[in-house]
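**Q** Before I ask anything, here is the structure I am working with.
The values are calculated or read from the model by the stated rules, or taken from the named source; none is laboratory data. Just so it is clear, the structure is predicted and the values come from calculations on it, not from any experiment. As a convention, Cβ positions derive from the backbone with ideal geometry for all residues, glycine included, and neighbour counts pool all protein chains shown. Note: accessible area is taken over every heavy atom of the protein model, side chains too, but ligands, DNA and RNA are not part of it. Shrake-Rupley method; radii C 1.70, N 1.55, O 1.52, S 1.80 Å.
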Amino acid sequence: MASEGSSGLAKSAAVKLSEMGERTKQLGTAMQDPHRQRRIILVIVCVALLLDNMLYMVIVPIIPDYLLYLEKEQSSGNSSSSVNNTENLDIKIGVLFASKAILQLLVNPLSGTFIDRVGYDIPLLIGLSVMFVSTCIFAFAENYATLFVARSLQGLGSAFADTSGIAMIADKYTEEAERSRALGIALAFISFGSLVAPPFGSTLYEFAGKSVPFIVLACVCLLDGILLLTVIKPFSNRTRENMPVGTPIYKLMIDPYIAVVAGALTTCNIPLAFLEPTIANWMESTMHATKWEMGLTWLPAFFPHILGVYITVKLAAEYPNYQWFYGAVGMVIIGASSCTVPACRNFGQLIVPLCGICFGIALVDTALLPTLAFLVDVRHVSVYGSVYAIADISYSVAYAMGPIVAGQIVHNLGFVQLNLGMGLVNVLYAPALLILRNVYQMKPSHSERNILLEEGPKGLYDTIKMEERKAKKKSFVSSAGNYVPGDENGIDTYRGQQASRSFSEEDSSGPEYS
């Protein structure tokens, strides 16, 4: 009886293992479906962007208080030392906050070129790995030097993760409407990470200690990396011979259209980058704001940001030729909102212009990030690492200057002058987007895609310029026309005639651009 019972258990266990194996096989087959796979890739990238921006902002309520605690411990019993350390603390905090954007600014030209050479998956894995290490260091750091290393490492990870993630979305979603929608979702995660991180960090810091917020983020980062390894498998099938060589980043930087977009991305983010390190002190001195009000300053602005993304995606799908106009309207809204910030006298009034700033940033980012990919498609080679490295550089310029420059401007000129200057810069830059008004009339040819790529369109479409194709056809046809048969059966002559005929048929298929 005992043997029969054990054999029955063995059979049931074998059946369950077989069912689990079958389900795993079905799940693997489903994950290999291109449509589902790109949705999973979008989730992976959005989580990576969420983590990066949460880690960027979660230190805002934690690190100043923690550094003050460390300074008090070191200077206990020495009053003169305490005064000097307190005076230097603001400078140290500003340098610490800016170190991430500064290193990101320095690394982005190299990371963009690296992404163009090896693809998008390995750089994304590198970025997630570095961010995981950075977050763990933040959790257990007990002095300023270690915190500085962790913050700088985060900039290194962001230079790879952010750029490769956005570039991967642009590569997987080739249709303009789908691309705008996917990038809009990514921007929503960026906004959510930036705005929810301060209350998330301050709450856990107060009730659970400094390490807990960073440990939570490190666990999410680890899970995202495991999902990336499972779905995309970066180290398998590393054949890159069919991948076109991307345009060098310095050539993209001197493209006037890309330069205008990059300038707009920098300008529209200056109010947010400059207000984040200065608005809490201004709120405390002018409206005697409480700690919770200062901690929740930007959280209500998340909802108009999502609204701005949604509106821009819908408008771009219906009227794609007016992407430049949506961006210009966004910059005017940012400028007007920035100018009204100093006039606010309580927390409720302050919410309105801050919501206006985030709504305008949503219009600009959602309209212009897909425009960068489109410009690369129609004017360069459809490899997106370098062009989104330029976008990341644009953001990094604003956020590198913010913690260092904003405080000096407030100290020397005043908070009112800071906001008026930022608002004026945005309003004056908006007309520059008129340069982009004819960009979307340059439509890439869809009839040529299967000719350009042997396996059909997979994101790297229209990667050979018209001039290059004409030159190759001309040289090939001339060589075929002057060909001397190599064997008596005339097989090579026949191949040359077939090649010439295929080129003539290709020429009659339609123009390169419509």
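**Q** Which residue is modelled with the lowest pLDDT, if the candidates are limited to the stretch 162-198 and must be closer than 20 Å to ASP121 by Cα and outside any helix (DSSP H, G or I)?
**A** THR174
**Q** Determine, yes or no, whether THR163 is crowded, with 24+ Cβ neighbours inside 10 Å, of a type in the set (Val, Ile, Thr) and out of contact with any Asp or Glu (no Cβ under 7 Å at 6 or more places or on another chain).
**A** When the stated conditions are applied, THR163 does not pass them.
**Q** I need the full set of residues from the stretch 263-320 which are of a type in the set (D, E, K, R) and touching a Gly at 6+ places or on another chain (Cβ under 9 Å), in order please.
**A** The answer is GLU276, and nothing else.
**Q** Do you know which residues across the stretch 329-354 are open to solvent by less than 30 Å² (accessible area, probe 1.4 Å) and in a helix (DSSP H, G or I)?
**A** Hits for the stretch 329-354 are GLY330, MET331, ILE334, GLY335, SER337, SER338, VAL341, PRO342, LEU350, PRO353, LEU354.
**Q** If I ask for residues that are charged (D, E, K, R) and open to solvent by 10 Å² or more (accessible area, probe 1.4 Å), which ones from the stretch 172-205 would you list?
**A** Scanning the stretch 172-205 gives LYS172, GLU175, GLU176, GLU178, ARG181.
**Q** Let me ask another. Out of all the residues in the stretch 370-389, which are part of a helix (DSSP H, G or I), open to solvent by less than 10 Å² (accessible area, probe 1.4 Å) and of a type outside the set (Phe, Trp, Tyr)?
**A** Hits for the stretch 370-389 are PRO370, THR371, LEU372, ALA373, LEU375, VAL376, ASP377, GLY385, SER386, VAL387, ALA389.
**Q** What is the number of the single condition among (1) within 19 Å of the chain's Cα centre (by Cα); (2) under 22 Å from ALA406 (Cα atoms) that ASP377 does not meet?
**A** Against the list (1) within 19 Å of the chain's Cα centre (by Cα); (2) under 22 Å from ALA406 (Cα atoms), ASP377 comes up short only on (2).
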